[in-house]
Amino acid sequence: MFVTTRTPVIGTSAVRLTDITRRFPGIVANDRVNFEVKAGEIHALLGENGAGKSTLLNILAGFYRPDEGEIFLRDEKTVLRGPADAIKKGVGVVYQHFKLVPNQTVAENVALGMRQPRFFLNLKKIEQDLDELGRNYNLAVRAGAKIGSLSVGEQQRAEILRALYLGATILALDEPTANLTPKETEGLFTAVRRLASQGFAIIFVSHKLEEVVSLASRATILRGGKAVATLELKGQPGEKEQIARLMIGREADIQSELELGMIELLPEKAVKEAASVTPTEPTLVVRDLNVKGEMLNSSVKKVSFEVYPGEMAGLVGVAGNGQRELAEALAGLRKVESGSVLLNGVNLANKPVRQVHKMGLAFLPEDRLGTGSAAGLNLEDNFLLRDYWRPEYSAGPFLRRRPARQGLGEAIGQYSITVGDVYAPARLLSGGNLQKLLLARELRSQPKLLIVANPTRGLDINASAYVHNKLRQVREQGAAVLLILEDLDEAFLLCDQLLVMYEGRLMGQLPPSRTPANLENIGLLMAGSSLAPIHRGMQP
Amino acid sequence: MSLKQRAVKELEIQKYLFTLPPRRIYPSTAILTVVTPVLSVVAALLIAALLLFFSGKDALFILGEIFHSSFVENFSETVVKAIPLTLAALGVALAFRARLWNIGAEGQFYGGVLVATALALSFPGLPAPVIIPLMVAGGLLGGAIWGLLPGLLRAWLDVNEIISSLMLNYVALLLTDYFIFGPWKDPKGFNFPVTRTFSDDSRLPVLVEGTRIHFGLIFAIVAAAVVWLLVSRTRWGFELKVMGDNLKAARYAGINITRNIIIAFVLSGALAGLAGMSEVTGVAGRLQQNLSPGYGYTAIIIAWLARLNPWAIFFVAILFGGLVSSGFTMQRVGVSVGLVTLLQGIVLFCVLGGESLYRRLLYQTALRRSNTVKE
């Protein structure tokens with residue numbers, strides 16, 4: 001079963017994607033992407049969230065078929081008919097969230113993916129083979145152990161071994177180090193290097209620049225669904241900075257918003273003056289906040305910052321570095337382990353959501369359909385979602401629908417929400433219209449602090465511009481605004497200060513100026529590097 | 001359409017299937033609301049007729065007999081059966097609104113029966129104006145306690161309520177057996193597992209002279225009105241609806257989910273308990289084995305077919321009441337009782353199938369509608 005004979009000659013093309021385009025409703029996830037990995041090469045795939053990396057991986061894994069473009073495996077034109085077909089043709093994808101059955105052993109998980117033999121399983125044989133394979137590539141795993149009893153690092157090795165055992169010669173690793181300890185990371189890198197030296201083609205998807213420059217020999221950068229550059233990494237100084245710039249330097253969308261006259265930039269001076277003229281108390285003071293996160297790196301660790309009235313602060317960083325947990329903790333949706341959250345001097349840490357909301361903290365989560373709205377209910381219900389308990393909608397135990405209907409009507413008018421039918425479920429609204437509805441709902445109570453996570457994700461340009469303007473308006477009316485942003489251009493456009501998060505820590509507070517030095521600094525902080533002079537290589 | 005696209009679409013449809021239909025029905029699909037169930041029942045009858053035909057019976061005659069007896073000749077018996085079905089289905093529907101799968105109406109029914117029986121046997125001398133309200137309260141309480149158990153387990157420990165509520169059905173049933181085989185057995189009952197007959201004062205009065213339709217009918221109508229008010233007009237009903245759609249959004253809305261799960265289960269159980277109380281005091285007049293021919297389970301089907309609408313439940317319950325009471329007719333015309341169960345199954349199968357198709361159509365219409373307004 002275990003195939004080594006197919007490992008191709010180093011330097012030949014292992015996989016080549018030409019002009020791959022994949023569209024989803026309202027978005028082009030991959031836009032004529034060209035991408036090639038050679039046998040024996042470690043090729044890094046980089047990009048911000050939403051740049052199209054996952055789509056590309058899913059195309060390689062056979063989950064999606066490209067709308068346009070061609071896939072060549074070993075210089076042979078191929079159609080991947082599905083995940084099983086991709087595996088058969090030697091493509092193995094190891095996702096960040098493993099696809100293993102927890103209460104089966106490693107060997108059993110491997111056997112799951114096998115087409116042969118049909119009836120009789122020789123698990124002992126598979127276990128022996130896996131042990132040997134593991135030793136050869138520095139990927140040792142107890143093949144007879146249940147997945148659920150393994151550490152994250154071991155599970156990952158099991159995933160890689162499975163791919164190898166099933167004959168993968170092209171191995172894609174999706175953010176493989178996201179949940180690994182430094183020691184495990186080192187072990188993984190040894191294994192990956194060894195695999196590459198034997199002719200395997202490795203695709204390495206990561207956000208961490210340090211890792212990319214120390215491991216990969218080439219890097220392709222995706223931005224807005226397009227492959228913007230492929231760089232040879234030769235270990236020269238400045239490569240990291242160059243990648244950081246390529247990843248975050250997009251201005252196209254913002255530029256077009258400006259050109260269309262939909263938004264106007266405030267002169268920087270005016271903003272600064274306004275801030276200095278009114279030396280007020282901060283609206284939000286966060287002190288030494290600790291919050292337990294979903295993952296190893298997303299726990300919030302000792303975070304402190306302030307947001308002033310009339311200020312828009314942007315919490316930036318790669319997704320999964322604790323921003324979401326921080327926002328949820330502020331909004332009362334997640335337990336605060338320690339530390340304080342003062343809104344106008346009142347501590348809101350661990351207060352119930354409704355009380356936090358009542359105190360004047362409005363929150364729009366990133367997951368608009370899953371959390372921000374009850375998507376199966378109609379617009380009126382969703383308009384009421386956060387406010388139905390207020391006296392204006394109450395008559396004894398009864399819910400007054402008339403003011404709600406009236407309020408919804410006003411909101412639809414004021415925010416120019418395009419709706420087909422107010423009694424249709426909210427999930428049928430376009431992203432932009434839903435976001436407008438939620439904004440209208442949250443702003444109706446005139447909050448003192450508005451927290452919005454990725455306010456324009458998935459929105460088209462008109463809706464984005466509308467949301468941007470609305471956010472500015474809120475700030476100008478004197479409320480404090482805290483945005484969680486993954487799109488740095490948006491952060492530059494909107495924010496008065498940027499707070500960079502990495503692995504749950506606040507790495508630094510930077511001005512939103514677009515000078516090359518500042519851009520570079522932000523990119524470095526986001527990727528976990530310090531601002532000190534940079535040396536190449538991984539520090540464990 | 002690629003496999004993936006189809007899968008995504010399927011998922012969307014599935015999501016839609018398990019949420020309540022939108023309040024507004026589109027004109028192009030409005031007619032389907034009525035046509036679908038009717039067609040489904042017709043399809044079920046056709047299948048049943050074929051089945052009878054192939055087993056060598058006069059299908060038309062038998063089906064005609066069933067209809068005649070259930071809905072013309074013995075309509076009052078159908079109504080009698082519909083009373084506990086309505087009450088239990090209302091309870092089940094209340095919990096289903098919040099997407100709490102209370103499968104335990106049968107056990108909650110017996111919870112109400114047990115408390116009501118205990119009261120009736122303990123105070124045989126009390127006059128009706130005292131004992132009947134007491135038994136109503138007892139029935140509600142018994143069902144509520146039986147509903148509280150899975151509710152607490154779900155709310156506090158996140159124990160799957162389907163399993164816990166289902167298992168408690170057997171507990172309630174065996175507990176009932178214990179009482180009627182043991183402490184409550186009628187000493188003059190020739191050793192049959194029945195209790196003494198209740199005193200006349202502790203029987204629910206007959207409502208329609210010459211039939212067995214009892215005062216429980218009023219309970220059912222009042223309960224339907226109360227449940228309707230509760231779910232569609234109160235803030236609490238709104239909270240239930242949000243919970244049923246999306247628990248995360250409910251948390252975001254500041255809804256006290258733990259508390260609401262418990263309350264929903266208590267109310268749901270109380271209604272099933274009232275069904276049990278009215279059945280034991282209104283129809284049987286004593287506690288005996290198999291007091292419920294599976295009312296609690298049929299209630300689940302009724303609640304779904306009525307789309308959780310309290311008033312629709314009432315009418316669907318009458319349809320099913322007819323099916324339940326048709327068993328006797330079947331035997332009279334020489335068809336085994338097993339076939340009644342089969343017929344019920346076929347009806348259910350067809351109606352659920354029709355419902356699924358109906359929602360698909362509705363979803364597609366809604367989608368088309370919303371697409372046409374987008375830029």
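Based only on other Cβ atoms within 10 Å, what is the fewest-to-most ordering of A:D67, B:D186? Walk me through the numbers on the way to the answer.
Values: A:D67 14, B:D186 18.
Ascending number of Cβ neighbours within 10 Å: A:D67, B:D186.
Here's how it looks for A:M507: its modeled amide H is under 5 Å from those of A:V500, A:M501, A:Y502, which are all 5 or more places away or on a different chain.
Taking the convex hull of the alpha carbon positions in the stretch A:397-460 and averaging its projected area over all directions gives 5.6 nm².
Each 10 Å bin, from zero up to the one with the longest distance, holds this percent of the alpha carbon pairs of the stretch A:124-243: 12, 41, 31, 12, 3, 0.
Say a paramagnetic label sat at a point 7 Å from the Cα of A:N347, along Cα to Cβ; which residues of the stretch A:490-525 have their backbone N under 12 Å from it? Counting only backbone N, you get no residues.
Relative to the longest principal axis of the Cα atoms of chain A, the long axis of helix A:461-476 lies at roughly 50 degrees.
Under a point-charge model restricted to the Cβ atoms of Lys and Arg (+1) and Asp and Glu (-1), what is the dipole moment magnitude of the stretch B:178-226 relative to its Cα centre, in debye to the nearest 20? Present the calculation step by step, with values, prior to reporting the outcome.
Numbers: 5 positive and 4 negative charges, 40 e Å.
In debye, rounded to 20, the stretch B:178-226 gives about 200.
Length gained on full extension, B:R212 to B:V42: 58.2 nm, using 0.36 nm per residue less the C-alpha separation. A cut-off of 5 Å between modelled amide H atoms, ignoring neighbours fewer than 5 places along the same chain, links A:K38 with A:A14.
For B:K241, a cut-off of 12 angstrom between C-alpha atoms picks up these aspartates and glutamates, skipping any fewer than 8 places away in its own chain: A:D381. Compute the Cα gyration tensor for the stretch B:80-316, then decide on rounded, prolate or oblate, letting a ≥ b ≥ c be the square roots of its eigenvalues: rounded whenever a/c is under 1.5, prolate when a/b is larger than b/c in the other cases, and oblate in all that remain. Note, shape of the stretch B:80-316 comes out prolate.
Ranking A:M526, A:M114 by Cβ neighbours within 10 Å, fewest first, what do you get?
Numbers: A:M526 26, A:M114 16.
Least crowded to most crowded, the residues run A:M114, A:M526.
Scanning residues 5 or more positions from A:A172 or on other chains, those with amide H under 5 Å from its amide H are A:G92, A:V93, A:V94, A:I203, with H placed 1.01 Å from N in the peptide plane. Kindly express, to the nearest 10 degrees and within the range 0 to 90, the angle between helix B:257-279's C-alpha long axis and the longest C-alpha principal axis of chain B. The angle comes out near 50 degrees. Taking a ≥ b ≥ c as the square roots of the eigenvalues of the alpha carbon gyration tensor, chain A is prolate, as a/c is not under 1.5 and a/b beats b/c.
Please work out whether the protein assembly as shown counts as rounded, prolate or oblate from its C-alpha gyration tensor, where a ≥ b ≥ c are the square roots of the eigenvalues and a/c under 1.5 means rounded, while otherwise a/b larger than b/c means prolate and anything else oblate? Write down the numbers at each step before the final one.
Working: a/c = 2.23, a/b = 1.64, b/c = 1.36.
Note, shape of the protein assembly as shown comes out prolate.
Can you list the lysines whose alpha carbon sits under 16 Å from that of A:K124, skipping same-chain ones fewer than 8 residues off? Correct list for A:K124: A:K146. What's the angle, to the nearest 10 degrees (0 to 90), between helix A:516-526's Cα axis and the longest principal axis of chain A? The angle comes out near 70 degrees. Listed by chain and number, the lysines whose alpha-carbon sits under 17 Å from that of A:K183, ignoring those within fewer than 8 places in the same chain, are A:K208.
Every number in this text was worked out from the coordinates using simple rules, so none of it is lab data. Since the structure is predicted, the reported quantities are computational estimates derived from the model, not experimental observations. Glycine also receives a Cβ, built like all others from the backbone with ideal geometry; neighbour counts cover every protein chain displayed.
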